[in-house]
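To keep things clear, I will list the structure first and then write my remarks on it.
The values are calculated or read from the model by the stated rules, or taken from the named source; none is laboratory data. Computed from a predicted structure; not experimentally measured. Positions of Cβ are generated from backbone atoms using ideal geometry, with glycine treated the same way; all protein chains shown enter the neighbour counts.
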Amino acid sequence: MLMSTPASPPPAPEPAPPHPAGTDQTARAIIAGIVTAVVGFTSSFAVVLTGLRAVGADTAQAGSGLMVLCLATGFGCLFFSWRTRMPITMAWSTPGAALLAAAAIPAGGFAAAVGAFVLAGVLLALAALVRPLGRLVEAIPTPLANAMLAGVLLSLCVAPFTALAASPAAIAPVLVVWLLLMAFARRWAVPGAFGAAVVVMALSGVFGELTVDRLLPRFGLVTPTWDATTLVAIGIPLFVVTMTSQNIPGIAVLASFGYRPSTRGPLLYAGAATAVGAVGGGHAVNLAAISAALSAGPEAHPDPSRRWVAGVAAGVTYLVLGPSAAAVGAVADAAPHGLIESIAGVALIATFAGAASAALGTPAYREAAAITFVVAASGMAIAGIGSAFWALVAGGLWLAMMRLAAVRTARRADRPATAPNPPDAAESSRDDVGESTPAVEAPAVVEARSGVVETRPGDTAASGSAAPIDPASNTLDPTTR
């Protein structure tokens, strides 16, 4: 269970060839931490700004929100890595920001969205403290959670290509650089696309339109309002996608490198930082997922007991980047139409691919996941509640009906005959029970304990994260942060 994972010491050093002096290896860990933060920031800040503006934030509020997220992330990385001597890194919820980007502005404006952020933070904290709530989150079928995320991401991933048709001169350089780096330096593909966008903005004269006061860091306080529809439409899906796509996979990534810290502290911090940071415009803080491998893997340091230095360096880097958030937001606001949305779109393509693959990869859940996906992608809204919520409802209802049908079929097949049937009747009975009504495979029951997915004997395995995790791969997806 998430809240009861016992702490364990860092793993023993891995066998490694002779390496330079300890000072050089410490420098290597510091560089790995800086890369973790820089890649994480540049790969997903556009998604955050797009999401906050989609739910009603103005330029100043979006910049404030990004700054709050940087500071909360940086302090979390610094504190937990230093205290536990493990490379525990935090991040903001990129899937959560994508969820916001696909939402509509609430009737109560950005203040109502902030209320939903506070609710998500409270639920994240309770998931660390209250065992039944944590189990309830774990009971959500992983393919359905992935299908909801993939459906939400679809429209965002399409945006770069629709923008290309409308503004080829501005968008084509971004896509070309992104494609080349995906082929030869995947980790830097999205930062490279951002660099290309900066060049496009410079050539179009965007920076000359900016005044100094717009570039200075600002903290904007937003008083939350409480609207039931917004809480259900944004708060609950934000909580679900952050838990299933970030926190649980983040714990699994650490475990894959031999680190098993007590998870209550980091998860409780994530919830508290989300709830408090919401009044500054931030949407959600959580454990880092795929980008955690940049600090926790052997590339950071050959000695696992020294990789915590990378986590500390990542935290310090986020704290340094925080004050630049206002300038980033102002530049993004002045950028040519569709440019920032294109960066966000290419940043999310790998996340979309992983989520879609995990959603449709388990045959027992495939139809339910497909229904969840199309409902989430439809953008429908009923009673003011968006498609992300209704997607989970639709997929869950389908699963419930299929399980009911499976139970009914099994009972009919096991029912003893009360009297001998004549040959024709017996044949008809076989047709009715066995051949013309195929049994519906009951979906697997998956348990995630301490972030590591376990499938009970006889069940179908399912992924425990928003995207397949391969920490040893050199092609990490830093957007699933």
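Are there helices (runs of 4 or more DSSP H) fully within segment 86-180 with at least 1 residues that are surrounded by fewer than 18 Cβ atoms within 10 Å (Cβ to Cβ)? List them. Working first, answer last.
Working: elements: 94-101, 109-129, 131-139, 142-166.
Counting at least 1 such residues, we get 109-129, 131-139, 142-166.
Which of the residues belonging to segment 51-70 are farther than 22 Å from Val212 by Cα and over 19 Å from the mean Cα position of the chain (by Cα)?
Of everything in segment 51-70, just one residue is farther than 22 Å from Val212 by Cα and over 19 Å from the mean Cα position of the chain (by Cα), namely Gly56.
Provide a single number: the residues in segment 42-55 that are among the hydrophobic types (A, V, I, L, M, F, W, C) and in contact with a Ser or Thr (Cβ under 8 Å, 6 or more places away or on another chain). First the steps, then the outcome.
So in segment 42-55, the residues among the hydrophobic types (A, V, I, L, M, F, W, C) come out as 45-49, 52, 54-55.
Now restrict to residues that are in contact with a Ser or Thr (Cβ under 8 Å, 6 or more places away or on another chain): 47-48.
Number satisfying all stated conditions: 2.
Do the conditions hold for Val253, that is, is it closer than 22 Å to Thr94 by Cβ and either surrounded by fewer than 21 Cβ atoms within 10 Å (Cβ to Cβ) or among the acidic types (Asp, Glu) (or both)? Show your work before the answer.
On the way: closer than 22 Å to Thr94 by Cβ: yes; either surrounded by fewer than 21 Cβ atoms within 10 Å (Cβ to Cβ) or among the acidic types (Asp, Glu) (or both): no.
Criteria not met by Val253.
How about segment 186-265: which helices (runs of 4 or more DSSP H) wholly inside it have at least 1 residues that are at positive phi, modelled with pLDDT of 85 or more and over 25 Å from the mean Cα position of the chain (by Cα)? Reasoning before the result, please.
Working: elements: 189-203, 212-215, 236-242, 248-256.
So the answer is none; nothing clears 1.
Which of (1) crowded, with 24+ Cβ neighbours inside 10 Å; (2) of a type outside the set (Lys, Arg); (3) within 21 Å of the chain's Cα centre (by Cα); (4) within 30 Å of Arg131 (Cβ to Cβ) does Tyr318 not meet, given it meets every other one?
(4)
Considering only segment 24-38, I want to know if a residue exists there that is within 17 Å of the chain's Cα centre (by Cα), in a helix (DSSP H, G or I), surrounded by 22 or more Cβ atoms within 10 Å (Cβ to Cβ) and at pLDDT 85 or above.
Yes; the residues of segment 24-38 include at least one that is within 17 Å of the chain's Cα centre (by Cα), in a helix (DSSP H, G or I), surrounded by 22 or more Cβ atoms within 10 Å (Cβ to Cβ) and at pLDDT 85 or above.
From the set of residues in segment 279-305 that are part of a helix (DSSP H, G or I) and touching a Leu at 6+ places or on another chain (Cβ under 9 Å), which is surrounded by the most Cβ atoms within 10 Å (Cβ to Cβ)? Outline the logic, then answer.
The first filter runs over segment 279-305 and keeps only residues part of a helix (DSSP H, G or I), leaving 279-280, 292-296, 304-305.
Filter once more, so that each one left must be touching a Leu at 6+ places or on another chain (Cβ under 9 Å): 279-280, 292-294, 296.
On the way: Val279: 19, Gly280: 21, Ala292: 33, Ala293: 25, Leu294: 25, Ala296: 30.
Applying the filter and picking the extreme gives Ala292.
It is to be established whether one or more residues within segment 267-274 are surrounded by fewer than 24 Cβ atoms within 10 Å (Cβ to Cβ) and farther than 30 Å from Ala46 by Cβ. Break it down into steps so the answer makes sense when it comes.
Start the filter on segment 267-274 by keeping residues that are surrounded by fewer than 24 Cβ atoms within 10 Å (Cβ to Cβ), which leaves 268-269, 272.
Those still in the list that are farther than 30 Å from Ala46 by Cβ too: none.
There is no residue in segment 267-274 that is surrounded by fewer than 24 Cβ atoms within 10 Å (Cβ to Cβ) and farther than 30 Å from Ala46 by Cβ.
Hey, any hits in segment 142-155 for a residue that's farther than 18 Å from Phe41 by Cα and touching a His at 6+ places or on another chain (Cβ under 8 Å)? Talk me through it step by step, then tell me what you get.
To start, the set of residues in segment 142-155 that are farther than 18 Å from Phe41 by Cα comprises 142-155.
If we keep only those that are touching a His at 6+ places or on another chain (Cβ under 8 Å) too, we end up with none.
Checked segment 142-155: no residue is farther than 18 Å from Phe41 by Cα and touching a His at 6+ places or on another chain (Cβ under 8 Å).
Name every residue in segment 181-197 that is in contact (Cβ under 8 Å) with a residue 12 or more places away in the chain and not basic (Lys, Arg), in order of residue number. Steps first, answer last, please.
Keep residues of segment 181-197 that are in contact (Cβ under 8 Å) with a residue 12 or more places away in the chain, which gives 181, 186-197.
Within segment 181-197, Leu181, Trp188, Ala189, Val190, Pro191, Gly192, Ala193, Phe194, Gly195, Ala196, Ala197 qualify.
For segment 378-388, indicate whether the set of residues that are at pLDDT 85 or above, part of a helix (DSSP H, G or I) and either within 23 Å of Cys157 (Cα to Cα) or among the polar types (S, T, N, Q) (or both) is non-empty. Explain how you work it out, then say what you get.
Of segment 378-388, the ones at pLDDT 85 or above are 378.
With the extra rule that they be part of a helix (DSSP H, G or I), the set shrinks to 378.
Checking the rest, the ones that are also either within 23 Å of Cys157 (Cα to Cα) or among the polar types (S, T, N, Q) (or both) come to 378.
Yes: segment 378-388 contains one or more residues that are at pLDDT 85 or above, part of a helix (DSSP H, G or I) and either within 23 Å of Cys157 (Cα to Cα) or among the polar types (S, T, N, Q) (or both).
So for segment 397-413 (the condition being part of a helix (DSSP H, G or I), charged (D, E, K, R) and either modelled with pLDDT of 90 or more or under 28 Å from Ala107 (Cα atoms) (or both)), does at least one residue qualify?
Our first condition is that a residue be part of a helix (DSSP H, G or I); within segment 397-413, this holds for 397-413.
After this cut, where a residue has to be charged (D, E, K, R) as well, the list is 403, 408, 411-412.
Pick out the ones that are also either modelled with pLDDT of 90 or more or under 28 Å from Ala107 (Cα atoms) (or both) and you get none.
Checking segment 397-413: not a single residue is part of a helix (DSSP H, G or I), charged (D, E, K, R) and either modelled with pLDDT of 90 or more or under 28 Å from Ala107 (Cα atoms) (or both).
Just checking, which of Ser155, Ser204 is within 27 Å of Ile385 (Cα to Cα) and among the small types (Gly, Ala, Ser)? Walk me through it before giving the result.
Details: Ser204 fails: within 27 Å of Ile385 (Cα to Cα).
Criteria check complete, one pass: Ser155.
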